[in-house]
1. What spacing in nm lies between the two simple spin-label points modelled at residue 123 and residue 70, each 7 Å away from Cα in the Cβ direction?
2. Could you check the simple spin-label distance between residue 110 and residue 179, using points 7 Å along Cα→Cβ, in nm with one decimal?
3. For residue 21 and residue 1 in one chain, what is 0.36 nm times their gap in residues minus the Cα-Cα distance, to one decimal in nm?
4. If the elastic network links every pair of Cα atoms under 10 Å, which of 113, 132, 18 fluctuates the most in the Gaussian network model of the chain?
5. Remind me, relative contact order of the chain in percent, using alpha carbon pairs under 8 angstrom and six or more residues apart?
6. What are the extents of the Cα atoms of the range 103-189 along their three principal axes, listed from largest to smallest and rounded to whole Å?
7. Is the shape of the range 1-40 rounded, prolate or oblate, going by the alpha carbon gyration tensor and its root eigenvalues a ≥ b ≥ c, with a/c under 1.5 for rounded and a/b larger than b/c for prolate?
8. Let me check the size of the chain from its C-alpha atoms; what are the radius of gyration and Dmax in Å?
């Protein structure tokens, strides 16, 4: 088995491609070792002591290194953990955990029912245009809500903490959304 590694726009994060599906549907973000207990693979990556974030996408795993970690030392260790996991056929999640459910994909604000059509257009654009593009860089964008012309999105994986995420959000995503949905005045990361 060969696991390819790609750099991402976030220098702290690398994208690992095992050449097979990782998640059948959705994605899953692990921001700390406690949340990683839902996945033996994520827990093992955090157990290295030099990982501070793990993200599962459809066909990739993004790993964020701790500030003091060196990718020259960490990358072979991560590849070893991934190889062991995929070759063994171990389950991705512990039985009884919320596998790929996008808990964070639920609105975090009370939305106006009159905005249902606008929200549907926004969600469609996010699913068909934004998420696939962001996944190429090892991350994900999740819908957090829309109210009074303001769209709220959550950044995950390589996007979270990326130095260029603010530029991507404002110059890329906001311009795209506003082009198709003029009711959107601004896009904010939460």
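1. Taking the simple label geometry, residue 123 and residue 70 are separated by 4.8 nm.
2. 3.6 nm
3. Working: separation 20, 0.36 × 20 = 7.20 nm, distance 1.34 nm.
Contour length minus Cα-Cα distance gives 5.9 nm.
4. 113
5. Details: 337 pairs, mean separation 41.7, N = 190.
In percent, rounded to a whole number, it is 22.
6. Rounded to whole Å, the extents work out to 35, 28, 20 Å.
7. The shape class here is oblate.
8. 17.2, 53
Taken together, the values in this text are just the output of simple stated rules run on the coordinates, not laboratory data. Source: prediction; values computed, not measured. Don't worry about glycine lacking a Cβ; one is built from the backbone with ideal geometry, like all the others, and counts go over all protein chains shown.
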